1. Can you work out the FRET efficiency for the pair T67 and L325, with r the C-beta to C-beta distance and R0 = 35 Å, to the nearest 0.05?
2. Treating only the Cβ of Lys, Arg, Asp and Glu as charged (+1, +1, -1, -1), what charge dipole size does region 63-124 show about its Cα centre? Round to the nearest 20 debye.
3. If the limit is 22 Å between Cα atoms, which of K159/K380; K68/K190; K178/K199; K15/K380; K15/K166; K180/K253 go over it?
4. Give me the distance in nm between label points sitting 7 Å out from Cα along the Cα-to-Cβ direction at D30 and M14, one decimal.
5. For the chain, what's the relative contact order in percent, using C-alpha pairs closer than 8 Å and at least 6 residues apart?
6. What's the FRET efficiency of T79 with S45 using the Cβ-Cβ distance as r and R₀ = 22 Å, to the nearest 0.05?
7. Which of rounded, prolate, oblate describes region 242-314, given a ≥ b ≥ c as roots of the alpha-carbon gyration tensor eigenvalues and a/c under 1.5 marking rounded, otherwise prolate only if a/b is larger than b/c?
8. Could you work out what % of the accessible surface of region 268-421 is carbon and sulfur, using a 1.4 angstrom probe and leaving DNA, RNA and ligands out of the count?
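The values are calculated or read from the model by the stated rules, or taken from the named source; none is laboratory data. None of these values were measured; they are calculated from a predicted model. Counting neighbours? That spans all protein chains shown, and the Cβs are built from the backbone with ideal geometry, glycine included. We work out accessible area using only protein heavy atoms, side chains counted, and drop any ligands, DNA or RNA first. Shrake-Rupley method; radii C 1.70, N 1.55, O 1.52, S 1.80 Å.
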Amino acid sequence: MKKEERIFSSPVGMKDILPEEGFIRQTIEDKAKEIFQIYGYSPISTPILEDSGLFNRSLGKYTEIVTKQMFLVKQQKQTFCLRPEATSAIVRAYLENNLHKISSFLKLYYIGPMFRAERPQKGRLRQFYHIGVEALGSNSPFLDVEIISLANRILEEFKISGFQIKINSLGCFNDRSKLKKILELRLKDKLKKLCLDCKKRYRTNVFRILDCKNEECKEVTKNLNLSHEEYLCDSCLEHWTVVKRNLDSLNIKYLISLELVRGLDYYTQTVFEISHPDLGAQDALGAGGRYDRLISELGGPELGAVGFAFGVERLLLAINPKPQLDGQVKVFIVVLGEEAKKKGFALLHKLRYEGVSCDMDYEEKSLKGQMRRANDLKVKLVALLGDNELKKQTVTLKDMASGSQEEISLQGFSEEIKKRL
Ligand code: AMP
């Protein structure tokens, strides 16, 4: 029978993460986790599959994610979807596991893949990763400031500069309805100028018109003359003032943008987005905001919450220079002959137990071949074992930077190595 010749590829918009990028991602994740801990956030992880109804309810049935971008998985009578975002899933987990009863206030972080069936382009994938936080159970504007300053801090730690934080307030549920009416009214006689999608959005999700990237739509939305005073109630105006004042006091630079609405139904009051000029058309590094109605919308008590998510692939585009993979392995053991191989293998095992990153070659390569591999790995030390060394119970150590060589005793080998690293 003829062997099948088809070569498989990964699904469109979903890519393999190879070691070099994997290492950079690991560095990003480790750094982010360190900062989350400093700010008092604990890890949470939810399943990749969720009941698709969860997102219909939380994001809004007319949002782009729900109408066009969900990967659905039908299993007997149930329809699941590959999660397009984590906030709704975390609120689901928070309620299902009664976390709100254990502690009325909880700060969580997560890192993991999200799935949206979008048209792939630079910085836009169908499987991408979020690093995000959710702080659940508080209405304090100080929490909004904490979340924005945490996002700012993470970018600073990654040495990303030139980003811009845009903020806005949508107000409470009633204010949002007021804003919706204002938008409908001011856009009514400009509908002709809007793109086809926005004409539809006018009826289904008018807020999304403000997110449209079409130049003519942008021209229209730029001139809507919105002001917070016309739709924010006294309490939301006060919340907004406290947020701005405290961002100022922390010296966090931001730009107020009344056109920033975020398309999802669950956002209330503060919303923000962080963009970077080097990213091209998909310029948002991350985004977030307050979602005071989501917990009750999903069956829980009336509790406020704030969160954000960074897109890891966008962070990767913005981080320059990138952390380097080189030099992970510190010691390479070069062996000549069968006896030396056995001894070298035992030394490798011992060194690894002592926490030293080391490696050797199992392929019977020549001395030159083994040295080349040591060079490629950019190790600090090469430990050479041949017949001579075995006879004298020694190892020849070569410092790869200086080229200097010395003989050390096999006894106390790992201590001597550790001294030189
Ligand atoms: P969102 O949940 O849409 O607010 O997304 C938060 C962040 O995730 C965005 O600011 C992007 O950095 C990133 N992101 C969203 N969608 C994609 C995608 N399709 N591909 C890559 N990154 C994405």
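1. Details: r = 41 Å, r/R0 = 1.17.
E between T67 and L325, to the nearest 0.05, is 0.30.
2. Numbers: 11 positive and 4 negative charges, 33 e Å.
Computed charge dipole of region 63-124: roughly 160 debye.
3. Numbers: K159/K380 27 Å; K68/K190 26 Å; K178/K199 20 Å; K15/K380 33 Å; K15/K166 30 Å; K180/K253 28 Å.
K159/K380; K68/K190; K15/K380; K15/K166; K180/K253, as the Cα separations exceed 22 Å there.
4. 2.9 nm
5. Numbers: 678 pairs, mean separation 64.6, N = 421.
Computed value for the chain: 15 percent relative contact order.
6. On the way: r = 23 Å, r/R0 = 1.03.
That gives a FRET efficiency of 0.45.
7. On the way: a/c = 2.26, a/b = 1.37, b/c = 1.65.
It comes out oblate by the Cα gyration axes.
8. Details: 3720 of 7480 Å².
For region 268-421, the apolar C and S fraction of the accessible surface comes to 50 percent.
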